[in-house]
Amino acid sequence: AQGLALAAELETARTGLDGRWIGLEAVMILRAEKGFILVGKDTDGITMPQDLGWGRPREKRQDAYFGDRALFTPEAQRSDRRQLVGLSVEGATPLPTGAHIVAADGAADGARRSQGFVTSSYVSPVLGRPIALAMIEGGLGRMGETVQVFHLGKMRAATIAAACAFDPEGERLNA
């Protein structure tokens, strides 16, 4: 019942700040360009901070905190855990979300085992090319490696890269 009044207030605030309206898809592209996760899309119930490249704060902390034991179990310390990385691809077509990552050379018997999957994928207007985020086994230690992305019987090459595809130094990030 108050929708129109709320919209009027938001419009007044926006014009007073010289702001611009932005759509949800634009927000999703912006966050993916920066490598910002969307919980439940780029992570799941087994994702840990170190899988996202956020391991240093937990390693430096000396006092006990809720959940600290789970972060240092043998399972949590495995180097082959799925970790969040970026994928760089050529061409104009983004990778399909949910596509599987397989080794570039495949297995000796021709079978290809999934090493992870694409979690987010968009065309970046500012970079003029597709960008993607993926959870890949041991991904943080595989920067620069070429992998194959398998979806519906088709393969595309991609290169494992940092999750942040735009402004990695954060020079443009301000609020």
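What to note about this one:
- Hits in region 53-90 (condition: of a type in the set (Gly, Ala, Ser) and over 13 Å from Ala132 (Cα atoms)): Gly53, Gly55, Ala64, Gly67, Ala70, Ala76, Ser79
- Meets criteria (of a type in the set (Gly, Ala, Ser) and either part of a helix (DSSP H, G or I) or within 12 Å of the chain's Cα centre (by Cα) (or both)) for Gly91: no
- Selected residue (criterion: most open to solvent (accessible area, probe 1.4 Å)) from residues of region 1-51 that are part of a helix (DSSP H, G or I), free of Cβ contacts under 8 Å to residues at least 40 places away in the same chain and within 30 Å of Ala70 (Cα to Cα): Pro49
- Being at negative phi, touching a residue at least 12 places away in the same chain (Cβ under 8 Å) and either among the hydrophobic types (A, V, I, L, M, F, W, C) or open to solvent by less than 40 Å² (accessible area, probe 1.4 Å) (or both) holds for only one residue in Gly139, Gly116, and it is Gly139.
- Selected residue (only one of Ser79, Ser88 is out of contact with any helix residue (DSSP H, G or I) (no Cβ under 8 Å at 6 or more places or on another chain) and among the hydroxyl-bearing types (Ser, Thr, Tyr)): Ser88
- A residue that is closer than 30 Å to Val126 by Cβ, part of a loop (DSSP other than H, G, I, E, B) and open to solvent by less than 20 Å² (accessible area, probe 1.4 Å) can be found somewhere in region 94-102.
- Scanning region 128-160 for residues that are in a strand (DSSP E or B), in contact with a Lys or Arg (Cβ under 8 Å, 6 or more places away or on another chain) and more than 14 Å from Gly35 (Cα to Cα) yields Ile136, Glu137, Gln148, Val149, Phe150.
- Unique residue being over 29 Å from Gly141 (Cα atoms) and β-branched (Val, Ile, Thr) when the list is Ile22, Ile37: Ile22
- Scanning region 109-127 for residues that are closer than 14 Å to Ala32 by Cα and among the polar types (S, T, N, Q) yields a count of 4.
- All positions within region 52-87 that are out of contact with any Asp or Glu (no Cβ under 8 Å at 6 or more places or on another chain), in contact (Cβ under 8 Å) with a residue 24 or more places away in the chain, open to solvent by 40 Å² or more (accessible area, probe 1.4 Å) and not in a loop (DSSP other than H, G, I, E, B): none
The values are calculated or read from the model by the stated rules, or taken from the named source; none is laboratory data. All of these numbers come straight from a predicted model, not from anything done at the bench. No Cβ is skipped: glycine too gets one built from the backbone with ideal geometry, and neighbour counts run over all protein chains shown. Surface areas here come from the heavy atoms of the whole protein model, side chains and all, with no ligands, DNA or RNA. Shrake-Rupley method; radii C 1.70, N 1.55, O 1.52, S 1.80 Å.
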